[in-house]
């Protein structure tokens with residue numbers, strides 16, 4: 001887990017490892033609505049408001065590739081974008097969408113409720129693991145983690161910026177790029193024949 005202080009605000013920017021992200025999502029293994037809400041942010045890069053605005057028709061499978069996508073019709077700045085989503089998450093959304101009308105929201109909750117769910121899951125892990133760093137984790141940290149892990153998986157920054165809806169590379173770099181993990185540093189070191 002990486003924590004970084006904000007320049008002009010309380011709290012911390014948090015970037016989780018894949019394992020930490022998965023532990024956070026697993027807190028709600030028996031509560032699919034909560035797990036989907038957190039997964040929209042941690043696995044699709046949604047902002048909390050975007051996660052609560054998902055409609056059944058926003059989840060679709062690409063014709064050419066079979067890849068599942070989440071369409072975000074009105075992201076920040078009212079920009080439409082789409083981002084890939086895991087097949088398992090698409091399946092969970094389809095189950096939650098049964099009986100819903102196309103314009104119904106998949107998650108009938110407010111952003112405040114989702115923020116509370118993230119805080120509760122993080123607090124549970126802080127207690128369970130005796131690690132107070134979890135208490136800094138908020139909804140936007142899940143989006144930050146998504147972006148950081150995608151970069152570490154070698155997704156092209158330009159593609160990630162398209163998925164996440166960022167126009168400005170400087171803002172993207174300042175808020176989403178963190179220190180690379182030791183495994184990424186070791187992978188990159190192998191590219192240098194004299195190391």
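Kindly check whether there is at least one residue in region 51-70 that is surrounded by fewer than 14 Cβ atoms within 10 Å (Cβ to Cβ), part of a loop (DSSP other than H, G, I, E, B), without any contact (Cβ under 8 Å) to a residue 40 or more places away in the chain and at positive phi.
yes
Out of 95, 159, 118, which single residue is surrounded by fewer than 13 Cβ atoms within 10 Å (Cβ to Cβ), within 18 Å of the chain's Cα centre (by Cα) and assigned to a helix (DSSP H, G or I)? So that I can check it myself, show each step before the final result.
Working: 95 fails: within 18 Å of the chain's Cα centre (by Cα); 118 fails: surrounded by fewer than 13 Cβ atoms within 10 Å (Cβ to Cβ).
Step by step, each of 95, 159, 118 is checked, and only 159 is surrounded by fewer than 13 Cβ atoms within 10 Å (Cβ to Cβ), within 18 Å of the chain's Cα centre (by Cα) and assigned to a helix (DSSP H, G or I).
Could you tell me whether any residue of region 135-143 is part of a helix (DSSP H, G or I), in contact with a strand residue (DSSP E or B) (Cβ under 7 Å, 6 or more places away or on another chain), modelled with pLDDT of 90 or more and over 26 Å from residue 63 (Cβ atoms)?
Yes, there is a match, as at least one residue in region 135-143 is part of a helix (DSSP H, G or I), in contact with a strand residue (DSSP E or B) (Cβ under 7 Å, 6 or more places away or on another chain), modelled with pLDDT of 90 or more and over 26 Å from residue 63 (Cβ atoms).
Please name all residue pairs, on different chains or six or more residues apart, with Cβ atoms under 6 Å, provided the first residue is in region 15-37 and is on the phi < 0 side of the Ramachandran plot and in a loop (DSSP other than H, G, I, E, B) and the second residue is modelled with pLDDT of 95 or more and surrounded by 16 or more Cβ atoms within 10 Å (Cβ to Cβ).
Between residues of region 15-37 that are on the phi < 0 side of the Ramachandran plot and in a loop (DSSP other than H, G, I, E, B) and residues that are modelled with pLDDT of 95 or more and surrounded by 16 or more Cβ atoms within 10 Å (Cβ to Cβ), the close pairs are 27/121; 28/34; 28/35.
In region 71-82, is there at least one residue being free of Cβ contacts under 8 Å to residues at least 60 places away in the same chain, under 16 Å from the mean Cα position of the chain (by Cα) and either surrounded by 20 or more Cβ atoms within 10 Å (Cβ to Cβ) or not in a helix (DSSP H, G or I) (or both)?
Of region 71-82, the ones free of Cβ contacts under 8 Å to residues at least 60 places away in the same chain are 71, 73-74, 78, 80.
Narrowing further to those that are under 16 Å from the mean Cα position of the chain (by Cα): 71.
Those left that are additionally either surrounded by 20 or more Cβ atoms within 10 Å (Cβ to Cβ) or not in a helix (DSSP H, G or I) (or both): 71.
Scanning region 71-82 turns up at least one residue that is free of Cβ contacts under 8 Å to residues at least 60 places away in the same chain, under 16 Å from the mean Cα position of the chain (by Cα) and either surrounded by 20 or more Cβ atoms within 10 Å (Cβ to Cβ) or not in a helix (DSSP H, G or I) (or both).
The values are calculated or read from the model by the stated rules, or taken from the named source; none is laboratory data. Being a predicted model, the structure only gives us computed values, none of them experimental. Note: ideal-geometry Cβ built from the backbone for every residue, glycine included; neighbour counts use all protein chains shown.
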